[in-house]
Amino acid sequence: MAKRKEKQERRSVVLEPDAAGIDIGAEEIYVAVPPDRAEGSTRRFSSFTCDLHALADWLGRCRIQSVAMESTGVYWIPLFQILEERGFKVYLVNAHYLKSVPGRKSDVSDCQWIQYLHSVGLLRASFRPPEAICAIRTLWRHRGSLLEMAAEHILHMQKALSQMNLQLHHVLGDTTGTSGQAILDAILSGKRDPIELAQLCHSRVKSPRDKVAQALVGDYRPEHLFTLKQSLEGYRYYQKLILELDQETARLMQALPSATEHPMPPRTKATAYHRQGNDPCFDLRRELYRIAGVDLTDIPGISAATAQVMLTEIGTDVSRFRNASAFASWLGLCPEKRISGGKVLSCKTRQVKHRAATALRMGANSLCRAKGYFGEFFRRMRAKLGTAQAITATAHKIARILYHVLLTKEPYTETIFHRCDEQAQQRAEMRLRKQAARLGFQLLPIPATGE
């Protein structure tokens, strides 16, 4: 009886007395508050906007200050924004942390369970950047969807050209470039002379014009020309949407405060900066430097598009993470040890679907043939662990550097890595000398031979 009473007293310890729990649904929302705050401590609200405002009013009357809700799809966003505007402290909780418990099979018990866990301080709020960054993040994610849709139309154009045996992709690096679109427009306008079509190539096209003319001899069938026409129009329509979205993104980014007033410093990478084909129409690299206060593209594996992903997914303030290790763990780029009974069960990385982590992995994969410290590190890890784990290890190192650069606003430099390598080499030499001395030998350096 004493143990049962002690267990009940432990259960009654409340760290968040003014806490509420919300179970989000597509049509219905269930809210639970402490039993002493209202006659019916659990209520149901519809998902209409007027009902969401009524929900916020009811929480205010119940003297609620902190609210925990489960991140269910995108249904939580309207209510999250309304509660945040009303001054509530909103905890957006990962659904993985609210695993099913036997006996909780209804929405009512779910919201009560969330309220209890939040009141005793067992829930952690998910990371969410500031509202201005979230607005840019929405546009940037939508831009990725538009690029995927435009790529689908490129595949349709390529299929139509292949069915007509027009080998345009063998003589042009990009069929949607200036020369490619000029040739496609001429074909759709009725021109069939391959020599005349080949003359539409830009002067920078390296393929011989006679070879281009040979690639433009094909079987022009009306059904394939029709699909080619519609695919080209669809591709240009999405390019128009992307251009409008880039202009809106530039407007929102210009509204963000500047972290520095100094002009952009010279580039430290050996390779010159080149604008990629899918980069926005404005100077993204310069705008990112103004907002972040440091040139992130100087970090190996970080392009302007990757830096934009990191800005939109994380923001410029990384102080919410206690250190670089916590930042890498949040990205899912470090091993997660699972120990039971004194034995290590698993050391694999967590399965995290994160756009920022995906961008860092892609940047790490691009360093497989790079020169310098990161290229050598990637190839050393690949020989030791394999390609997949080498990509994760390199992305983890890039993430730690990115955290340090954003936190201290210090430009990236590789001198610290070279210094660490020299120290490791000195330690290895001392270890070998001690082992040789223990065995009765003495190590002598090999004299340098001049050529």
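Bear in mind that the values in this text are calculations on the coordinates, not laboratory data. The structure displayed is predicted, hence computed values, not measured ones. Methodologically, a virtual Cβ is constructed for each residue, glycine included, from the backbone with ideal geometry; neighbour enumeration extends over all protein chains shown.
If you take every DSSP beta bridge whose two residues both sit in the stretch 14-119, what share of them, in percent to the nearest 5, is antiparallel?
For the stretch 14-119, the DSSP antiparallel bridge percentage is about 45.
Quick one: if you stick a label point 7 Å off each Cα along the C-beta vector at residue 125 and residue 57, how many nm between them?
Simple spin-label model gives 2.6 nm for this pair.
For a protection proxy built on the mean count of beta-carbon atoms within 10 angstrom, sort 326-334, 424-432 highest first, please.
Result, highest mean first: 326-334, 424-432.
Give me the three principal axis extents of the stretch 159-206 from the C-alpha atoms, as integers in angstrom, largest value leading.
Here the spans come out as 27, 19, 15 Å, largest first.
How big is D for the stretch 189-232, in µm² s⁻¹ as a whole number, if Stokes-Einstein is applied with the Kirkwood radius of its Cα pairs at 37 °C and 0.692 mPa s?
This corresponds to a translational diffusion coefficient of 283 µm²/s.
If I take R0 = 56 Å and measure r between the Cβ atoms of residue 181 and residue 46 in this structure, what FRET efficiency does the formula 1/(1 + (r/R0)^6) give, to the nearest 0.05?
0.65
In percent, how large is the relative contact order of the stretch 14-119, given Cα pairs closer than 8 Å and 6 or more residues apart?
Answer for the stretch 14-119 is 38 percent.
For residue 431 and residue 142 in the same chain, what is the full-extension length gain: residue separation times 0.36 nm, less their Cα-Cα distance, in nm?
Fully extending the segment from residue 431 to residue 142 adds 98.5 nm.
What residue among 155, 207, 222 has its Cα farthest toward the positive end of the dipole of the stretch 132-254, where the charges are +1 on Lys, Arg and -1 on Asp, Glu, each on the Cβ?
Ranked along the dipole, the leading option is 207.
Considering Cα pairs under 8 angstrom that are at least six residues apart, work out the relative contact order of the stretch 284-415 and quote it in whole percent.
31 percent
Which aspartates and glutamates have a Cα lying under 13 Å from the Cα of residue 343, excluding residues fewer than 8 positions away in the same chain?
none
Along the charge dipole of the chain, Cβ charges K/R +1 and D/E -1, which of 181, 136, 300 sits furthest on the positive end?
300
As I understand it, the dipole of the stretch 72-171 uses +1 on the Cβ of Lys and Arg and -1 on the Cβ of Asp and Glu, about the Cα centre. Which of 168, 121, 79 lies farthest toward its positive end?
Comparing the listed Cα positions along the dipole, 121 ranks first.
Dimensions of the chain along principal axes (Cα, Å, largest first)?
94, 82, 47
Let me see the P(r) profile for the stretch 14-119: every Cα-Cα distance counted, bins of 10 Å, each bin given as a percent of all pairs.
16, 55, 27, 1
Limiting things to C-alpha atoms, what are the Rg and the maximum Cα-Cα separation (Dmax) for the stretch 291-424, in angstroms?
So, for the stretch 291-424, Rg and Dmax equal 15.1, 49 Å respectively.
So for the chain, averaging the separation of alpha carbon pairs under 8 Å that are six or more residues apart and normalising by length, what relative contact order in percent results?
Relative contact order for the chain comes out at 10 percent.
Kindly provide the pair-distance distribution of the stretch 132-254 built from C-alpha pairs, with 5 Å bins from 0 and whole-percent values in order of increasing distance.
2, 11, 20, 19, 15, 11, 8, 7, 5, 2, 1
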